[in-house]
Amino acid sequence: MAIALVVDTEAYSTDGENVTTPAIDTTGANLIVITFIATAGTTPTLSDSKTNTWNALTSTTGLNSRCQLYYAIDPTVGASHTFTLDGGVVNFPAILVQAFSGGSGGFDVQNGAGGLVDNIQTGSVTPTENNEVLVTGVSEAGGGVTFSIDSGFTISGQQ
């Protein structure tokens with residue numbers, strides 16, 4: 001079965017510390033990937049309305065900016081599914097959620113970079129098996145930036 005995006009959503013904090021997404025229907029998804037971005041602060045608590053367990057990947061930071069991916073394999077899914085970051089001491093977090101069908105197995109490989117450049121090069125990521133999904137995220141603290149990406153990726157959301 002080919003990997004397909006079932007649904008995605010995004011939200012940003014209105015109080016500067018916490019954020020909850022609008023409800024979505026994740027029915028049919030067997031992989032959910034969340035990108036957390038913020039300008040600074042501690043690692044927030046991630047939860048969802050279906051009480052899934054989240055695996056955190058390595059956080060990438062730049063000047064006053066950070067980005068971190070989380071994932072759940074074979075999660076509990078369904079209608080009215082929301083996702084929440086309880087920030088504690090996090091500045092202006094945003095959350096982007098992608099729910100996929102056709103994913104299987106576990107985490108394979110990660111790469112990342114941080115810094116103060118217009119064109120960040122993370123290096124290559126080579127999947128070790130067929131039928132893997134590649135997800136990327138970026139955080140930029142300055143605002144007003146329109147992002148672009150190459151190499152066959154599609155931007156599904158920006159906050």
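The values are calculated or read from the model by the stated rules, or taken from the named source; none is laboratory data. Model, not experiment: these values are computed from the prediction. Glycine gets a Cβ as well: all are built from the backbone with ideal geometry, and neighbour counts include every protein chain shown. These area figures cover heavy atoms from the full protein model, side chains too; ligands, DNA and RNA do not enter into them. Shrake-Rupley method; radii C 1.70, N 1.55, O 1.52, S 1.80 Å.
Before moving on, here are some points about what is shown:
- For T84, the criteria (1) at pLDDT 70 or above; (2) among the polar types (S, T, N, Q); (3) loosely packed, with under 12 Cβ neighbours inside 10 Å hold in every case but one, which is (3).
Residue-by-condition table, conditions (1) out of contact with any Pro (no Cβ under 7 Å at 6 or more places or on another chain); (2) in a loop (DSSP other than H, G, I, E, B):
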site	(1), (2)
L5	yes, no
D8	yes, no
D15	yes, yes
V19	no, no
P22	yes, yes
T26	yes, yes
I34	yes, no
T43	yes, yes
L46	yes, no
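- You will find that of T76, T136, the residue that is at pLDDT 85 or above, assigned to a loop (DSSP other than H, G, I, E, B), in contact with a strand residue (DSSP E or B) (Cβ under 9 Å, 6 or more places away or on another chain) and open to solvent by 60 Å² or more (accessible area, probe 1.4 Å) is T76 and no other.
- Residue identified as polar (S, T, N, Q) and surrounded by 14 or more Cβ atoms within 10 Å (Cβ to Cβ) among T45, T27, T60: T60
- Residues considered: T27, T53, T21. Of these, the only one that is in contact with a strand residue (DSSP E or B) (Cβ under 7 Å, 6 or more places away or on another chain), within 29 Å of N131 (Cα to Cα) and in contact (Cβ under 8 Å) with a residue 24 or more places away in the chain is T21.
- Any hit, the stretch 24-39, residues being more than 16 Å from the chain's Cα centre (by Cα) and either more than 17 Å from A99 (Cβ to Cβ) or basic (K, R) (or both): no
- Residue that is nearest to the chain's Cα centre (by Cα), among those in the stretch 6-18 that are in contact (Cβ under 8 Å) with a residue 12 or more places away in the chain and open to solvent by 80 Å² or more (accessible area, probe 1.4 Å): Y12
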